[in-house]
Each structure stands twice: as structure tokens, then as C-alpha cells.
1. For a label point 7 Å from the Cα of residue A:79 along Cα→C-beta, name the residues of the stretch A:102-132 whose backbone N is under 12 Å from it.
2. Tell me the net charge near residue A:127. Cut-off is 13 Å between Cβ atoms, residue A:127 excluded, with +1 for each Lys or Arg and -1 for each Asp or Glu.
3. Show me, bin by bin at 10 Å from 0, the whole-percent P(r) of the stretch B:260-335 based on Cα pairs.
4. Which order do the peptides B:7-18, A:147-158, B:242-253 come out in when sorted by mean C-beta neighbours inside 10 angstrom, highest first?
5. Quick one: compute the contact order of the stretch B:409-501, relative version, from alpha carbon pairs under 8 angstrom and 6+ residues apart, as a percent.
6. Anything over 24 Å Cα to Cα? Flag those among B:281/B:323; A:122/A:498; B:167/B:368; A:98/A:323; B:290/B:409; B:323/B:356, in the order listed.
7. What's the magnitude of the charge dipole for the stretch A:274-415 around its Cα centre, counting Lys and Arg as +1 and Asp and Glu as -1 at the beta-carbon? Answer in Debye, nearest 20.
8. I need the shape label for the stretch A:12-90. Rule: rounded when a/c is under 1.5, else prolate if a/b > b/c, else oblate, with a, b, c from the alpha carbon gyration tensor.
Protein chains: 2
Amino acid sequence: MIQLRSYLGGQWVAGNGSPQTLLNPATEEPLANASSGGLDLRGALEHARARGGPALRALPFAERGALLKAMADAMQGERDRLIELGIANGGNTRSDAKFDVDGAIGTLLEYSEISKALGARKFLVDGEGIQLGRSARFHGQHISVPRQGVAVHINAFNFPAWGFAEKAAVALLVGMPVLAKPATSSAMVAHRIMEILAEKKILPEGALSLLVGSPGELVSLLGAQDVLAFTGSGDTGARIRSAKNVIEHSIRINVEADSLNAAVLGADVEPRSDMYELFLKDVVRDMTQKAGQKCTAIRRVLVSRKVIDEVKSDLIELLSTVKVGNPADEDVRMGPLATASQLSDAREGVARLGGKLAFGSLSPFPHKGFFTTPVLVESPGDAVHEHEVFGPVASLLAYESDPGRIVAKGNGGLVSSIYSEDQGFLEQVVMDIAPYHGRVFLGHPKIELSPGPGTVLPQLVHGGPGRAGGGEELGGPRGLAFYMQRVALEGSRPVITKLLG
Amino acid sequence: MIQLRSYLGGQWVAGNGSPQTLLNPATEEPLANASSGGLDLRGALEHARARGGPALRALPFAERGALLKAMADAMQGERDRLIELGIANGGNTRSDAKFDVDGAIGTLLEYSEISKALGARKFLVDGEGIQLGRSARFHGQHISVPRQGVAVHINAFNFPAWGFAEKAAVALLVGMPVLAKPATSSAMVAHRIMEILAEKKILPEGALSLLVGSPGELVSLLGAQDVLAFTGSGDTGARIRSAKNVIEHSIRINVEADSLNAAVLGADVEPRSDMYELFLKDVVRDMTQKAGQKCTAIRRVLVSRKVIDEVKSDLIELLSTVKVGNPADEDVRMGPLATASQLSDAREGVARLGGKLAFGSLSPFPHKGFFTTPVLVESPGDAVHEHEVFGPVASLLAYESDPGRIVAKGNGGLVSSIYSEDQGFLEQVVMDIAPYHGRVFLGHPKIELSPGPGTVLPQLVHGGPGRAGGGEELGGPRGLAFYMQRVALEGSRPVITKLLG
């Protein structure tokens, strides 16, 4: 069996101790082993700080952006292989795996484009110069400089390529070396990407490391110039955030965690209209794409009481056409969940939601693999606003007049969506729910190839307050701030002007 | 004796339980009692969220800015009384007390000015619209909206007026109601400000509350839409940040904590030159203003070895002219520390620094009051980079060639300063220390009325990474972000354009 190694300190190293076995979640066939026992994490971080950081910071933004382009090109060259690994190790359909790999490549290319506007500088100038005194001589200018530590990225299992690339692109563009830790269960894709990049020597030594297996004491080794970005469960996010040295050294942490994303259908929308069909399509896509294992997937479907029966029967009809099975079969539309524990969590989660199943079943499949049907819950209890079921599961809720109040019960989310052509309703709901979200998606049937609310775009921020972890990533150049220190230069205008070149 | 009450839920309320007695730190005369026992903090927060928030958010920025102007005018009208309270309750010289009160008024006025550019909007538009698809129809626009909770401000004892106003100005301008908790020992200034503002009914009901006394369970009552900004010790900052509900709900926290601010004299600077004299003046001002009780005060004085003896003797000469005593006496240049425990902490801190005293003494004064002399430490141990002594205490250190490396040992600070006219040296040191600071001050003798590094200006960011708490405040419009949620609107361009008006 394949032993996945880690890439630390500029070389491939094997961990010892009891390994975790990576499976094909559709067949439960073992694919690889991984262990991080005994690896020198302290040395790996030190190597990244001492070698990778200075090498990256010596480059201007445009050259760092060219590295991202080279990473994207190298991945594009092995796209088919990466997709196959996503199908085998991730339980992805081909379409799901493409979504992940192409999202990764697209995000790298987007940040490569952004680098062109940042040009030959090695730091960012933030805003205009400011006259501070009565005379113009006393002057202030904010700049943002790269932090001098390591960017540690703890990624989620659901997007092994995209999750890696969206975080790495931004950190590397800023000039911070990256140590990425993919979720072990689906690590084969990220591991292959690291192999491609290391083999082609695309990045300076120490700029990118990969830790495969348990993070061990990783978090406890971070210092004040390091940053940590985590995507995963709220519980793990809370553990990271409360780690002793994170608190003591004010280590900058970005968390993307749970989210009870809502889709709101306006009372103005007539069944069978284009807007109505778009709404149904987006709900079904989000329930079934990646078997619902997207942090942005619609979990709460809010419709006015007068159409709830019609929406329910339409969703049931669409969901019943979704073929669930081994994603290696071309006609399968939804694959298994990623692991046995994800499947049992999803089953327990549905039970916790209360209500009843309008569609789907929790019964085990009569063959191997971590399969479930899509599940549509009706009349759920209050847990629908508190507990995210990370699978192909959504709940249908009726609203009377104030959907924004119901959406807000989720206490902070990544994205919610509104489908309406009533301008007053849109204004009201957008402003009601905006403080609780990182993104609000306004469905519109005239947008061709609309990706729906579940797709994270590098141009727009991704993250959300409260339950969603309080983080913010991407958003084009906005994402760079996390990896930089903003500092005000205060003094004589000619001196500062000369300093900034 | 005066019983200081709290202003909560739109009324003055008295706490019960064992009170804390506020003293005149120069005479140890009791001035007032304060207790927060039994106060309905949950109700106060709920009142602010339910009444103050909606009232503020209903106003456009320009009208919120007009409220700040009215606050400044009201405080200006009682400026003399506030200064007297600063002298009596804070141990401030008249100059120290003016620095605090005028800083408060100036910051309110600055944010009132900023509001004019933000105009009739109730939220901020963040950047340009973004074309997301091949057609211009698929569109994104970031906006920032006020958070719907309470801004809780836990302020430090050293700037009872300015600390209150700099935080309140920004939150109120955004549209968040404020609950301010001054440090109890010096709360009389903030209490009087609250009296002035409440009496004149300057703000909408629920927009501003004041909790005098212990914070009790305050932090545990906050939710995901609330924010908390704290200025004070790193230990308290760590306690707040690790509070259970802060971690669980990803409550947004801003901490300004300890800082070992450095002043670096370039090797090019000749003794007796204007730059040299400016450097000495800034060091002595920072050591003695507010008896060194400023988070931005210079703690580490770095000079090249060849001039260290000269600098030492010049500093000793200047420090020996500083008259220490009761600040009610006009010829006194430095008052006492704020409390008995501040004094004992400072004495213990000096002992912890190691080295020897080039100037000053730790001996008790032969009369009442929490007095110490200024203290200049030479040849300190490594603790000089780890422990902030919050009093009129600085350490003198020699550097050979690389002062930036020594400054960075402080592991994150609010501000450091460089005094040099050697462009190469300036560039090197600025870039070396920028990642570790929120502000870098470049001393220049041609700047008239230079406030030195120790003065926080509302136009420039205030905060710093690592030991300094990882926070950021002020910086003109930059400070608003903490109180807002940034959200990406994604959809049809005409719909979004119409939504934004």
C-alpha cells in the first residue's frame, strides 16, 4: 500500500507510529496509509521561516504572482490525474472532482492576475498620505508588510485541491511561506499536488510544506508572526482558538466553520416561473453536489407558507432523479460521504433536526461505501438553526412575513441566498441578513451559467461571523490583509516619500 | 463620600455589595466609592441592542457624526472640570490631564469630520463593483454594514477621557451602541463625561451606557453580533479572549495590551545636533508624561555603543530636573502612579529588568501618595524584551549594527521610533521592525510641535501584533471595520445597483 509522506524542510519525510488508512469511500478499499508520528514539526516551521520567508519576500508581488501561475499550469498539466484521485479518494463524481480541481487552478490564476496590479513593490501602500499637522511636513502613510512567520493552513476534507490552493495562493502572493495540512482522509489529492510542485521545483525552497497526518503539536509551536487559517468544524476551530500560545501571543487565526446557509424564496415568485425553477435548481445542486459536503451548501430552505407544498413536491420530484452510487460510474450523480464517521454524523444530525423526512431515508445501503440518499426534512425543530448536518441534507421551513428574522437565528453564516424580483422585499431581507453573513447571493434567472450560492469565487469574500467562525478569506486583494501587518509610518513627508520609493 | 453610579438601560443605577474606593493618588484621600454588585448587566445589554442600535442605525453617517460633534462640544464646555478631576483622581499634572481631555475631544471631532465624507449612507460601499462572469450582468459588490449587537469597551486607567472617546467615537459613528467600562480607580472622569452627555440628552436612548465598578459577568453575556474592545494588561486580554462564549461564538475582540516600545538613535546622529536633542526630548517626555503610564511610552532606548555614555549622562541631566510631587502644585512636572498596586508592580518590574539604575531610586517617598522617581535602567537583562514596567521607567541598551533585530525581540509592539538622517539605515530598520508594529515614528527636528511617538493620533492606526494584543484601532476610516460586517453581494448587476441606491 502507498505510504503518503510529508514534505517538510524541503524534503519528503515519512512519519512513524500507527498510520491512518485512506479509503475509497465508495468501495471502502484501502488506498494509502499516512502517519505524522515523530516528524520534526519545529524544524519544519523554522526552515520555512528561515528559508522560505526571506526567499519569497525578496520577490516583488508580480514575481510571486508568476509563481502562482506556474503552480496553476503545473496542476493543469496533471488535471486528469488529480480528478481521478478526487473520484477514488474523495467519493467525488467526475463533476465534483472537476469543481474542486478547476476551482483550485482558477483561484491561483485569479491571484496571479491580481499580482500584476501590485507590480514591482514588495509591500502594499495603504491609502493616501495624510497631513498630520498644520504644516504639510508632518505626514503619515500606512503600509502593509508581509508577516515574518509561517502561514499554517489546516484544510477541510471536502475540497482537497481548492481548499489548499485558495489559502496558499493568497499567503504566497503576500510573501509568507505556507505549511499546509490537508484532512488526512482525502489527502491524496493535496499530496499529489505537492509532488507535482516539488518535482518541478516551482517554488523557492521552504516556501511550501505539506504535513500529511495528524497535526500533533503543530499549533503549540506557532509564534506571534505566524498565522493559522483553519477550515473545518466549529469544535476544532474553538480548540485552536483557545490554545495556550494562540491566546498568549495573540496569534492571528482565521476560522471558517459551521454555517446554516439559507435560501429564501420571495412570496412574489410564482411556481413555474424562471426564478422559481432557478431556486429549485440551486437547492438541488447544493444538496447533491459533493454529496452536500460544502460549507456553503443550502441547509435551510425558506418559502412562504402558501407555496410550501408545491415546493416540497417539486423538490421531491427532482431529488428522486438523482442517482446515488459509486462515482466511478458515469451515470451516478451523487457519490458517498467522505468517511464512515461523516456518514454516522450525518445520520445522527438528521435525527437531531427533528421533524420528518419529506424525501430520503437513513437506512443503510445494501452494499459497501458511506452512502446516504439526499434527505429533505420538513417541520424541523429549533435545532435546524443550531446544528449543521454536513451531507446531502436540507430542511424546508415556512415563513409568514419576516424571513430575515428566521435566517438570523443561524447566528452567523457564510452565505444565504434570496430569490425574488420584489425590490422592497430584497432590500428588506438583504439588510436584515447582511450583518450575519459574509456573502448574500441574489438569484436571477437572466444570469447565464450562474454558479449558485454554493460556489466560492476568489473575487468575493468567503467567511462569516459567529457560528461561521468569524473569518474572512479571498475577496480579491482583501484576502491579503490577513497575512500582512498594517503599520502607520509617521514623520517628515520628504523622508517618508523617499522611503517608499 | 460620593457614590458613583452606573448609567445602564437609560438610567442611573447604584450597585450594591462591597465598594471599591477611588483615591487621590497624590494624597491617598478617598474621593468616591463605586460598586457594580447586583446590576442588571443582561438587561443593560439587551436595552442597548433593542433601543440604542436601531436608533443609531436609522441615522446616516453624517448625522451620527453630528452626534460626535455634539459630544465634543459638551465636553469642551466642561473641559476645566474634567481636567480638575484628572488631576485629583488620576494623579495627572495639568498638562497630563489636558493631554487626556483634549485627546478625547480631538478624536471625537476627527471622526465627526470623517463622517462628512460618508454622507447620507447608512452603510459603506467597499471597493468597486466586480464583473464575475463573461457577461457584465453577473456582478459582485462588497458592502460593510453595522453589526447588530453592542460594542463593549473595557478601558484602561491611564486615559479615562481619551480611552473612552477614541473607542466610542468609532463605534457610534458606525451605528453600534456602546457600553463603556472605565477602569474603576480613575473612573471619575468618564463618569462625569457620562453625566454631561446624559444630562444634555445628546445621544439616542440606549446608545451609550457606562458601567462603573467590576465587570462581573459582562463578558459571558456577549453574543456573536457584539464586539469587545479592551485596553489594558496582556493577562486580562488573554482572559477575555479565552472566555468560553468568546471562543464559542467567535466574538470579535480587539486587544491593546503590553508593548516594549523602542526608540532607536542612528549611529549617524551627532550629539548636540537637532536630531539628537529631539531624541532626548522624546525619551524624557515619554518617561515622565503621565508618569510613564502610557501604552505607547518608550521602554527601550537603543543607541550605538560609541555614544551610550554620552546619552546616559544627558538623560540623567534632563531627568534630574523633573520635579515629582502632587500635581495640584503648578511647578510639579510628574505626578504619582495611579494606584498603590501600580506602584508596587512598577517597583517589582524594575527589579525584574535586572541591570542597574543609572538614574532614580525605588525607595519609598517620605510622604503619602503613590510616588516614584523616573528610573533609567542600564545593562538590563533579557527581561527588558519581555516585561513592560508601566511607569516612568526606561532601559538604555547599546546596539552594534543591527538594532532592528533587538527591537523585534519585543515580539510585537504598538510603536517604535527611529532618529536618523541616514536613508539606508532608515530603510533597513523600518522594514525590519514594521512587521512587529502598528506604527513606526520617524523623528525629525524640522517637524514643528512634533508630538513624539507616544501620542496616538486618530488618523493613524493604533495597535500592534503579538505581545501588543494583535489589535488595531483608529487609523481614520480604517477603524470602522471592527464594528462592521463586510458582506459580498452577488447577483444581477441592475438588481444590486438598484439595491445600493
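FYI, it's all coordinate maths here, none of it is from the lab. Computed from a predicted model, the values in this text were never measured in an experiment. For neighbour counting, all protein chains shown are included, and Cβ atoms are generated from backbone atoms with ideal geometry for every residue, glycine included.
1. A:102-106, by backbone N distance to the label point.
2. Numbers: positive: A:486, B:478; negative: A:126, A:128.
Result for the local shell: 0.
3. Result returned by the calculation: 18, 48, 27, 7, 0.
4. Numbers: B:7-18: 16.3, A:147-158: 25.4, B:242-253: 19.1.
Final packing ranking: A:147-158, B:242-253, B:7-18.
5. On the way: 120 pairs, mean separation 24.8, N = 93.
27 percent.
6. Details: B:281/B:323 16 Å; A:122/A:498 15 Å; B:167/B:368 34 Å; A:98/A:323 19 Å; B:290/B:409 26 Å; B:323/B:356 22 Å.
From B:281/B:323; A:122/A:498; B:167/B:368; A:98/A:323; B:290/B:409; B:323/B:356, over 24 Å: B:167/B:368; B:290/B:409.
7. Details: 17 positive and 19 negative charges, 63 e Å.
With only Lys, Arg, Asp and Glu charged at Cβ, the dipole is about 300 debye.
8. Details: a/c = 4.71, a/b = 1.33, b/c = 3.55.
Oblate shape, in that a/c is at least 1.5 and b/c is the bigger or equal ratio.
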